[in-house]
Amino acid sequence: MSSPTPDAPLAADGRLRRRYRQERVFRAFALAAIGFALSALAGLLVSISYQSLSVITQSSVELDVVLDPDALDPLGDGSAASLAAANYAKPVRSALRALFPEVRKRRERKALVRLLSDGAEYDLRALMEASPELIGSTQTFVFPLSDDVDLFLKGSIDSEVDEADRKISDRQIGWVETLDAQGRISQPWNWRFLFAGDSREPELAGLQGAIRGSMLTLLITFLLSFPIGVCAAVYLEEFAPKNRFTDVVEVNINNLAAVPSIIFGLLGLAVFLNIFGMPRSAPLVGGVVLALMTLPTIIIAGRAALSAVPPSIREAALGVGASPTQAVFHHVLPQAVPGILTGTIIGMARSLGETAPLLMIGMVAFIADLPTGVDDPSTVLPVQIFLWNDAPERAFVARTSGAIVVLLGFLIAMNAAAVWVRRRFEMRS
Amino acid sequence: MIGILWLVLPLLAAAGFWAGRSRARALSGADADGHRIVLHSLPTHYAQYALAWSAIPPLLILVVSALFGSILVDGWVIAQLEASGLLRETLSSADVLRDVHTGLANTTGENSSPPHTFAQNVLDRARGVLNLGVTGFFFVGAGGGLWFARSRMTTALRARNHVERIVHVALFLCSVVAVLTTIGIVVSLFFEAARFFALVSPAEFFLGTQWSPQTALRADQVGSSGAFGAVPIFAGTLLITAIAMAISGPIGLMAAIHLAFYASASARAWMKPVLELIAGIPTVVWGSFAALTLGPQVRMIGEALGLEVASESALAAGLAMGVMIIPFVSSLSDDALNAVPRSLREASLAMGATESETIRKVMVPAALPGIVGAFLLAVSRAIGETMIVVMAAGLAANMTANPFAAVTTVTVQILTLLVGDQEFDSAKTLAAFALGLTLFFVTLCLNLVALVVVRRFREEYE
């Protein structure tokens, strides 16, 4: 589109340049938009992974504990009752004090003991109950340090800050550095974070209760929503007559899929807790509420999968004499299984991350015990994240991020399973 | 106790199946004269028939007891308490029952009075009777059903037709569950909201500008006047939604344009699922990100600019929510853009328009109903979003358009009014249901309008 006389540019040339510039700008905006969205996602994942790093290990100290029979075996017979009545704090504290004989003042001795986590005495108790024959000897054990010492050792507390503005005093820092110089401080894996229940102490808080609660809740959700959802999809797609009622059901399912989740929480609270008197904070009720919420997803995915089955299969089955029910259950439904399973797994993944409705039915309470059944009070992973996010102790920031990493890990596993199911069945057919 | 019965149920079903099949096999074969007897259906159908009869009655009993068992027990305990004459004026039967349920009755002091001990005993006894009754009916139902099925099983029984009818009814009932859920939502919200509006007039609720739901326990308490004007809450919701849409609207649409027109096929193949990951991340994670990471950043930037920033600003929550709903806008807009026939785009390009002119003047207008629908769905999503605002926005009901101020939203208020409260007779807790009803209807209308816009105004090119 060159101009006829090169030395006298037409007005169109300038216009064209402007239009091309607009094109480039527009294109850059489009790319920037998607770049923004993707970098926001990356920012979220990176900041959470980074914050969760410090939860991988737990600062601990090695102490030579004199297992004093007077404190640990007050009844003197080594029985379970005697061990239950024992004072486990004393030997641990004495072991730490023995390393700093110069600390004499009452207040300083208390500050010294505060370096240790409360978990130290629980650990000693577990050790003694496992092997009571050790009582009377001197043994070397590794005990967790408190959350503030842990933060300091991992560099999250700056010793340059004014002493009044940090949770760990100069004196305590000195002791920690002495212990470190003696080679007593180590950073073992923080198994407690995955295998212990919740606690008010950050260094003792673990996710096991929340993981079990999530599993129990998800089990109830699956047991209810999968069969009901598949049956509803089969009915609506294969058997339902075309009439007013079917239309109502269809519109209703589409709307239900877009109802805010907190409304389902209100339903659970008003109907299941207040009218039917079901237990509060229980995975049972949580599972029922989430099942109602997941149902539309499964029905919609199920119907899509069923309608994608070629009609020839149905017709062939009917043609050789199968009843309509047999045709559907023996021939159409098996073909639709991968689609239904994929939809179900995605629905389950979404309900695993759901928080608001579970808060409404009381799964927000602090529960340290591990749930053992579907009617035990418990919490779930996303609620645990919510609770730790609100906790005032600074060490809970890392725990919150760690819990998010665990939750995202479960979600990635479920979505990978969905992809795997789809691939596997695609290959077979 | 009753939990075990749920585990027994599959065993009963298996037993019914086995019994039905062996009966069918016994029926077939040859009669006394040596004629071959042909059954109407396959032995499996007889087995399924027996299975249905032996498993459905006990299943119904378990469901009924799960739903109504505790109502019966509680009613009985209250009746016994009222009749016992142990109650005092300050101690209602409902109080005692609550203490017993929460396990407070076994602790010493205030909560271990004679009525508590009495109620605990009655409750234990009533539960025992209920468990015994349910177990009895469970096995009687299973046995009776199986006996009935066996007695009906003759060569004349059309087992397959019976089984198929049962299957059809079961399928139908499953599809009704979704309708029942909607009815349950509407009825429970209406019922509780009606109780609220009996205490507080709708005019005050929808037009009042004072929100202070704590009812004063003492007359001199400050800031707890029990005012229920919800306008500041609606304003806060709108502010956060507006911020979220200001981010997700343009970015979502431009991202959809990039995916639909500019991205190569291979880039599109990885970008689209990664973009949708954003919507797959639980909102509690976005909330935590907004509260712990974005909030302090927003505050720092705002203060560097010399602005006064609340520690829980609307902007931080709106930002996180905006990013969270980008995929809702982008994937629906992308679908709408892709649904426009290629010929329109090619005609425009052939006339000499650049790609961006084609997009702006031809493709986007043609896809507009779908894009508007996507925006409306995103708005409905933003209004109903809970965790991000609970964690990152505040509780203060301010009426302001300043994005750096703290505002509160409908969902935050519903949650804070109800969480941790066990009594549902005060205006405070009932207000949550009025807010819930409002939220339900607003999102319902947005969804319906979005649906209508997409259907009615879609340009037909075929």
Report summary line: HN-Hα couplings for region B:42-50 via Karplus (6.51, -1.76, 1.60; θ = phi - 60°), in whole Hz with x for Gly/Pro, come out as 5, x, 4, 5, 5, 4, 5, 4, 5
Report task. Apply 1/(1 + (r/R0)^6) to the Cβ-Cβ distance of B:E346 and A:R21, taking R0 = 22 Å, and write down the FRET efficiency to the nearest 0.05. Result -> 0.40
Report task. First check a/c for the protein assembly as shown, with a ≥ b ≥ c the square roots of the eigenvalues of its C-alpha gyration tensor; if it is under 1.5, answer rounded, and if not, answer prolate when a/b is larger than b/c or oblate otherwise. Result -> oblate
Query raised in the report: In degrees, nearest 10, range 0 to 90: what is the angle between the Cα axis of helix A:333-352 and the longest Cα principal axis of chain A?
Result: 40 degrees
Query - Folded to 0 to 90 degrees: helix A:283-307 orientation relative to chain A principal axis, Cα - result: 30 degrees
Query - Helix A:395-428 axis, angle to chain A major axis (alpha carbon atoms, nearest 10°) - result: 40 degrees
Requested in this report: Report, as an integer, the average count of C-beta atoms from other chains found within 10 Å of each Cβ along B:285-296.
Outcome: 6
Requested in this report: Could you list which residues have their amide H under 5 Å from that of A:T379, counting only those 5 or more apart in sequence or on another chain, with H placed in the peptide plane?
Outcome: A:G213
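To make sure I understand, if each residue's beta carbon is the centre and we count other beta carbons within 10 Å, what order do B:W211, B:W147 fall in, fewest to most?
Starting with the residue having the fewest Cβ neighbours, the order is B:W147, B:W211.
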Query - Electrostatic dipole magnitude of region B:2-157 [Cβ: Lys, Arg +1; Asp, Glu -1; Cα centre; debye, to 20] - result: 900 debye
Query raised in the report: Sorting A:M215, A:M360 on the 10 Å Cβ count, fewest up front, what's the list?
Result: A:M215, A:M360
Query raised in the report: What does the average come to when, for each residue of peptide A:351-358, you count the partner chain Cβ atoms lying within 10 Å of its Cβ?
Result: 4
**Report entry** Spatially proximal lysines relative to A:K110 (Cα-Cα < 17 Å; intrachain offsets below 8 disregarded)
**Finding:** A:K90, A:K167
Report summary line: In deg cm²/dmol, rounded to the nearest 500, the helical mean residue ellipticity at 222 nm of the protein assembly as shown, built from -39500 (n - 2.57) for every DSSP H run of length 4 or more, is -21500 deg cm²/dmol
**Report entry** For A:S117, distant residues with modelled amide H under 5 Å away
**Finding:** A:L145, A:S146
Requested in this report: Give the span of region A:61-188's Cα atoms along each principal axis, as three whole-Å numbers ordered largest to smallest.
Outcome: 52, 32, 23
Query raised in the report: Residue-wise, which Karplus ³J(HN,Hα) couplings in Hz belong to region A:11-27, taking 6.51 cos²θ - 1.76 cosθ + 1.60, θ = phi - 60°, and x for glycine or proline?
Result: 4, 4, 5, x, 4, 5, 4, 5, 5, 5, 5, 4, 4, 5, 4, 4, 4
Query raised in the report: Taking H as built 1.01 Å from N, whose amide H comes closer than 5 Å to the amide H of A:T57, not counting residues under 5 places away?
Result: A:N190
**Report entry** For the protein assembly as shown, cysteines whose Cβ has no other cysteine Cβ within reach (under 4.7 Å)
**Finding:** B:C445
Query - Set of lysines near B:K361 by C-alpha distance (under 28 Å), chain-local residues within fewer than 8 positions excluded - result: B:K272
Query raised in the report: Within region B:144-176, what residues put their amide N at less than 17 Å from the label point 7 Å along the Cα-to-Cβ vector of B:D33?
Result: B:155-156
**Report entry** Rh (Kirkwood; distinct C-alpha pairs) - chain B, Å
**Finding:** 28.2 Å
Requested in this report: Please report the relative contact order for region A:208-428, taking Cα pairs under 8 Å with a sequence separation of at least 6, and give it as a percent rounded to a whole number.
Outcome: 31 percent
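Sort B:S54, A:S199, B:S28, A:S146 so the one with the fewest other Cβ atoms within 10 Å of its own Cβ comes first.
Fewest-to-most Cβ neighbours within 10 Å comes out as B:S28, A:S199, A:S146, B:S54.
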Report summary line: Nearest-0.05 FRET efficiency for B:F139 and A:D64 at R0 = 45 Å, using Cβ-Cβ distance, is 0.10
Report task. Count, for each residue of A:213-225, the Cβ atoms from other chains sitting within 10 Å of its Cβ, then give me the mean as a whole number. Result -> 0
Requested in this report: Give a residue-ordered list of calculated ³J(HN,Hα) values for region B:297-310 (Karplus: 6.51 cos²θ - 1.76 cosθ + 1.60, θ = phi - 60°; whole Hz; x for Gly, Pro).
Outcome: 5, 4, 5, 5, 5, x, 6, 5, 7, x, 9, 8, 10, 6
Requested in this report: Go through B:405-411, A:251-257, B:246-252 and give me the packing order, highest mean Cβ count within 10 Å leading.
Outcome: B:405-411, B:246-252, A:251-257
Query raised in the report: In whole angstrom, how far apart do the alpha carbon centroids of region A:14-47 and region A:259-321 sit?
Result: 40 Å
Query raised in the report: Hey, got a sec? Which GluC sites (Glu not before Pro) in region B:286-344 land in a DSSP loop and have at most 12 other Cβ atoms within 10 Å?
Result: B:E308
Report task. Set the Förster distance to 22 Å, then compute FRET efficiency between B:F190 and B:S92 from the Cβ-Cβ distance, nearest 0.05. Result -> 0.20
Query raised in the report: Over region A:61-188, what is the mean sequence separation of C-alpha contacts under 8 Å (at least six apart), divided by residue count, expressed as relative contact order in percent?
Result: 33 percent
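Quick note: the coordinates plus some simple rules give every number you see, no bench work behind them. Everything numeric in this text was worked out from a predicted model, so none of it was measured. No Cβ is skipped: glycine too gets one built from the backbone with ideal geometry, and neighbour counts run over all protein chains shown.
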